[in-house]
Structure formats: structure tokens, C-alpha cells
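Here the structure is laid out as C-alpha cells; the discussion comes afterwards.
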Amino acid sequence: MKSEDYNDNDILIESLKNGDEKAYNYLIDTYHHKLCVYANSLVKNIYSAEDIVQNVFIKVWEQRTRLKTNHAIKSFLYKLVYNEFIDLYRKNQSLFSLEKSYYDALNSIVLEDDSESLQRVINVVDKEIQNLPPKCKEVFILSKKEGLTNIEIAEHLDVSIKTVEAQITKAFSILRSSLDDKIKNFLFLLFSKKKSLRLNL
């Protein structure tokens, strides 16, 4: 299917429901920047805005079979971003950041069991990262372990920024699908705001 065909809302949604990765890449290429601008207007923090949008795209892919062709995908995406913002606001009304949630998640794991539990989580995530597709793993590590920006990664690998964004989103989607619920819930916080724990990659 040609990329211009995805301009049709119904075709785009049907393609996404059928697991068409080209349609998913088209969705990211078309809306990532616009959604980041919108999210940033809400949270006033570019890193939190990028986290919100990334999480939205992950959820769209994971829940693609539930999409309905009679719903405008653009409005749906903006609504998801707003809902993510509301969730974030409720977690930390004072700072509009993931800081509090990040440390709460760390503490809950350590307090629930012991310090070995945190290391176990890191080891499990580490192992799954190693199982990512080569390009996907390379981009993810450069972003989340080395702390490079998307622009820096794009220049380093000689690819487009949109390609970098798509690979990071794909990595999160794969990781979330392969981890159990407790670790899955911790994954987003683990890598939030480029304050990821140092993994032994």
C-alpha cells in the first residue's frame, strides 16, 4: 500500500488494526511532532511531553485491534495525550513531572521485598533489551543508557529523527509486551526523563 493511501482515516485505522507497521510509522511521522508540541503546551516540560507522546503511541499499537474506523484518528491521538497529561498531573500536581512517581516506584519495589528485587527488575529488563532487533536495540541504548538526544542519535547513525523516534517507540512496545505486569508498570518510570538507572548493557 502507498503511503498516501494512509491519508484516508478509514484506511489508516484498518491498516493499523491489521498490524501494518508502515501505517504505524506513517502515524508516528505525521503526528509525533504535533503531539509533542501539544503535550508540551500542557506540561511545560519537553522531556515529560516526549514521554507522554511516546506512551500514547505505544498504547495505540498495543490496543490497535480496538480502534474504530468511525473515529477520527487525529482527535483520538490528541485525546489520548490529554488523558496521559491528566494521569501525570494526578501523580504529581506540584511539579508536572515524573520525578515523584519515579522514586515512589523505586521505593515500592525495594520496600515490598528487598534490594535484590530492584536488581532483579533491572536484570530482567536488561535481558529483554538484549533481545530487541539490532537497530532497535542500538537506538534504544543510545537514548536510554547513553542519554543522547534524538537529534544526536540521528546524526550519529545517519538516519532521520523520525526513524529514531519510531525505533524507540517500537522498543518500548516490544519490551512492554514481553515483561510481566509488575515490571511493565515500572518500565516507563525506569526510563523517564532520561534519568534511567545505569544498566549493565
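The values are calculated or read from the model by the stated rules, or taken from the named source; none is laboratory data. The model shown is predicted, which means the values in this text are computed figures rather than measured ones. Note that each Cβ is placed from the backbone with ideal geometry, even for glycine, and that neighbours are counted across all protein chains shown. Side chains are part of the model used for accessible areas, which takes the heavy atoms of the whole protein and leaves out ligands, DNA and RNA. Shrake-Rupley method; radii C 1.70, N 1.55, O 1.52, S 1.80 Å.
General observations
- Whichever residue in segment 61-79 is hydroxyl-bearing (Ser, Thr, Tyr) and under 19 Å from Thr169 (Cα atoms) and, among such residues, is surrounded by the fewest Cβ atoms within 10 Å (Cβ to Cβ): Thr65
- Qualifying position, being more than 16 Å from the chain's Cα centre (by Cα) and either closer than 24 Å to Thr163 by Cα or modelled with pLDDT under 85 (or both), among Ser48, Ser3: Ser3
- Of the residues screened, Lys22 is not one that is modelled with pLDDT under 85, open to solvent by 80 Å² or more (accessible area, probe 1.4 Å), not hydroxyl-bearing (Ser, Thr, Tyr) and not assigned by the TED database to the domain that holds Ser177.
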